[in-house]
């Protein structure tokens, strides 16, 4: 979470003045028309300009924010977006894509095996079936918009949640690496003044986004990011919020604790400015063109908000969030798994349709992952214990739509009785970095050249 | 080999840090009075505290009713937060929080505030005592037996959940001296616990049932025997990797830098002599690294309790439940069995959560809002406004630059305030300065 103290204030100001000389940022030409949003172009532009004006308005108090917003808003519309969705706890691969055609399956899973025909057949391999709750993904798969990794993992699998999740988050089997793989990507290509480039839609930062230098943000809901204090209003309130940023830019002289607290303050003040168009006075910024699953869960709301932010041209680049549900199903797996998967899949389908309606679908790639799969043999509690290779998905209009790595097979489990990996997450990350984000994977993923790259795009 | 002891000045600033690291921050004047006792006596006052007596107003909900911690939603959190605010034994409460993080059990799956409170009492009873004893007790604790599937672990159907975390998170550390084979064998040794489900009461009658226990021979850490659940625990505590793990982990709650090799070895030596927690704590709290080293981010509940202690305010609203959750820490609901991640307390969202906490903590003393109270009571003087905010929050130590920014904010806001603003703005500015001080990087850390 460290950020930009080495970046001198005068340099920022110089750059800001140079940019400002060109007049208002080119918001109109680069921005996609928000198809199906119910907003006319003028409303949309006004909102887009609202972003720019907020930046200008803020400049009287906080000069640094001036060029930050300009650069960010101008850079945004063309860039690709990666959305990382985490199934927390180790999702059971043998339920997500069930080998219903293999007689070993019901022997290993006398209570938990899904019957043939319970879920949609998997069109690429007739011995496999989708979990019934994943029918929305089966539908997108039929449209060529889902690639399945039926056995993704790594050699010498670690069966600790925390260690294995850490490996996936940092993009290496290295316990000491402290930055996330997406964080290192942002450290390489990101900007010093745009926290939205790495966004956790969560109560706290997703570790895969942890950077060494560049600012990143965590937001529960973009329309509620405000700083209100009792007994403070008007211009005093504006100055107060600007002062948060100034307190954050006091040098911490190498004290890591102070640096963390300072960065949080500085980045919060910047994010506040960036999200100005989403605060309630601007009206229905979060109206979605398609319905999302109803209910209290944050996941569909967060995806709907994400599509809205992309639709409004906010400079998002890599985004991470957790799926609903608990996947560490040691007990009572059948019911718990179905609920979480259903809400996850229904929401992801709505998100894809939302992006399509807004004309943004070609810019967005969704990656769904879990820290491991589960033991092939069920345990005595109606659940399964920690395993090795798991199932993941890539979703989007540009994906190849073909399996990455074959199904590992129940006949050749490893010595712990777990599925063997048929694709490596570091190879997948390398392909995402190179083919989707357009950067050299060797600079991000340790020993990247050792891993073969799957074909991820059509 | 004696451990290094801090020999520098032990003034109010050092006492302030000690009270934050080993508790929940000073009450008004407490840092100064603790400093006058000197380091050794100050540490002993924390590690060997007098009997409990509550300081300050008793807790109640928004309507003035007493708390119902075992029954009402969120009152579990408020009940413990109140203890943190009113205790005279802050290190006992702080260590209870450390154990809650160490043996992180969440009511999200236990589903019983009553069982969670029973576990909390167990942790508090053993807060400064023997880790060996604590580990035995927690292994048989009903909330833990539910949380890590202990009651599902039986001889014909072993469940590895507890056996794995016992070694990975509680005693040895991931990858330190055990194998996947040990996980499976420990799971067998730990079989036998069960409970009964009663309509309207949930899980009751937690007990060890020999008919569910796998009494066969097991091999753990290369040793062979018909190990029981107590053997399983003892094998972990006596494992050569346990003392190093214990010392590293306990130290990390109090000091943000790693102990040097001499300190690590010295603390292990103290700990191995009976697995007692108190002497290890006394050595850590007297260590130079605590006073000379960098600052630590306060955990959210410590931040909340500390603000209330400084303000002399008790628990008078249930808002602390969702406010603490918004900052990333709801008591009795750690995110998973590895506890809260102390390296990631602050980001743009949890910072905003702390902003709301400060705003609520200060909302009983807001200036210029109550009828009949004259706004002009606040001086039109930037320095005096900042001094007033510092006094309100118990004169915390802050950096000169922070002080300067706050004065600059007050001065800038008051400069153009003429006409009606000359009267109206000073209280606004004073409210804002208090808020900014409370969320400043200086007060987020200790």
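The values are calculated or read from the model by the stated rules, or taken from the named source; none is laboratory data. All values reported here derive from a predicted model rather than from experimental measurement. Don't worry about glycine lacking a Cβ; one is built from the backbone with ideal geometry, like all the others, and counts go over all protein chains shown.
Things worth noting here:
- Set A:337, A:360: member being at pLDDT 90 or above, surrounded by 23 or more Cβ atoms within 10 Å (Cβ to Cβ) and away from chain B (no Cβ under 14 Å): A:337
- Test result for residue A:428, in the same structural domain as residue A:174 (by TED's automatic domain parsing), out of contact with any helix residue (DSSP H, G or I) (no Cβ under 7 Å at 6 or more places or on another chain) and in a helix (DSSP H, G or I): yes
Results for (1) touching a helix residue (DSSP H, G or I) at 6+ places or on another chain (Cβ under 9 Å); (2) under 30 Å from residue A:159 (Cβ atoms); (3) within 14 Å of chain A (Cβ to nearest Cβ), shown as yes or no for each residue.
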position: B:183; (1), (2), (3): yes, yes, yes
position: B:223; (1), (2), (3): yes, yes, no
position: B:227; (1), (2), (3): yes, yes, no
position: B:241; (1), (2), (3): yes, yes, no
position: B:279; (1), (2), (3): yes, no, no
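- Qualifying positions in the range A:178-228 - in a helix (DSSP H, G or I), buried (at least 24 other Cβ atoms within 10 Å of the Cβ) and facing another protein chain (nearest Cβ under 9 Å): A:195
- Residues (touching a residue at least 40 places away in the same chain (Cβ under 8 Å) and in a helix (DSSP H, G or I)) located in the range B:156-184: B:163, B:165, B:166, B:167, B:169, B:170, B:171
- Flag if residue B:8 is over 21 Å from the mean Cα position of the chain (by Cα) and either in contact (Cβ under 8 Å) with a residue 12 or more places away in the chain or not in a loop (DSSP other than H, G, I, E, B) (or both): yes
- Test: residue in the range B:148-158 that is surrounded by fewer than 22 Cβ atoms within 10 Å (Cβ to Cβ) and more than 14 Å from chain A (Cβ to nearest Cβ): no
- Of all the criteria given as (1) modelled with pLDDT of 95 or more; (2) not in a strand (DSSP E or B), the one not satisfied by residue B:200 is (1).
- When the range A:159-176 is limited to residues that are outside any helix (DSSP H, G or I) and away from chain B (no Cβ under 13 Å), the one that is surrounded by the fewest Cβ atoms within 10 Å (Cβ to Cβ) turns out to be A:172.
- Taking the criterion of being within 24 Å of residue A:211 (Cα to Cα) and at the interface with another protein chain (Cβ under 8 Å from one of its Cβ atoms), the only residue of the range B:354-367 that qualifies is B:355.
- Selected residue (only one of A:254, A:234 is at the interface with chain B (Cβ under 9 Å from one of its Cβ atoms), over 30 Å from residue B:430 (Cα atoms) and surrounded by fewer than 21 Cβ atoms within 10 Å (Cβ to Cβ)): A:254
- Selection status of residue A:310, within 26 Å of the chain's Cα centre (by Cα), part of a helix (DSSP H, G or I), over 23 Å from residue A:191 (Cα atoms) and away from chain B (no Cβ under 14 Å): no
- Positions within the range A:374-404 being within 14 Å of chain B (Cβ to nearest Cβ) and on the phi > 0 side of the Ramachandran plot, in sequence order: A:382
- Candidates B:213, B:238 - the one that is farther than 30 Å from residue B:113 by Cα, assigned by TED's automatic domain parsing to the domain that holds residue B:139 and without any contact (Cβ under 8 Å) to a residue 60 or more places away in the chain: B:238
- Enumerated helices (runs of 4 or more DSSP H) restricted to the range B:372-446, each holding at least 2 residues that are farther than 24 Å from residue A:254 by Cβ and more than 11 Å from every other protein chain (Cβ to nearest Cβ): B:382-392, B:420-439
- Pairs where the first residue, in the range B:397-423, is free of Cβ contacts under 8 Å to residues at least 60 places away in the same chain and the second is assigned to a loop (DSSP other than H, G, I, E, B), C-beta under 7 Å, 6+ apart: B:398/B:440; B:399/A:250; B:401/A:250; B:402/A:250; B:402/B:440; B:405/A:250; B:414/B:380; B:422/B:380
- Checked against the criterion of being touching a strand residue (DSSP E or B) at 6+ places or on another chain (Cβ under 8 Å) and assigned to a helix (DSSP H, G or I), the candidates A:269, A:261 yield just one match: A:261.
- Filter result for residue A:176 (over 29 Å from residue A:279 (Cβ atoms) and without any contact (Cβ under 8 Å) to a residue 12 or more places away in the chain): yes
- Residues (surrounded by fewer than 24 Cβ atoms within 10 Å (Cβ to Cβ) and at the interface with chain B (Cβ under 8 Å from one of its Cβ atoms)) located in the range A:261-279: none
- Annotation: of all residues in the range A:126-152 being within 21 Å of residue A:453 (Cβ to Cβ) and more than 19 Å from the chain's Cα centre (by Cα), the one that is surrounded by the most Cβ atoms within 10 Å (Cβ to Cβ) is A:150.
- Sole exception among (1) part of a helix (DSSP H, G or I); (2) under 27 Å from the mean Cα position of the chain (by Cα) for residue A:411, by number: (2)
- For residue A:298, the conditions (1) more than 7 Å from chain B (Cβ to nearest Cβ); (2) in contact with a helix residue (DSSP H, G or I) (Cβ under 9 Å, 6 or more places away or on another chain); (3) surrounded by fewer than 20 Cβ atoms within 10 Å (Cβ to Cβ); (4) farther than 30 Å from residue B:401 by Cβ are fulfilled apart from (2).
- Selected residue (criterion: farthest from the chain's Cα centre (by Cα)) from residues of the range A:316-338 that are without any contact (Cβ under 8 Å) to a residue 60 or more places away in the chain and in a helix (DSSP H, G or I): A:335
- Selection status of residue B:90, away from every other protein chain (no Cβ under 14 Å) and in contact with a strand residue (DSSP E or B) (Cβ under 8 Å, 6 or more places away or on another chain): no
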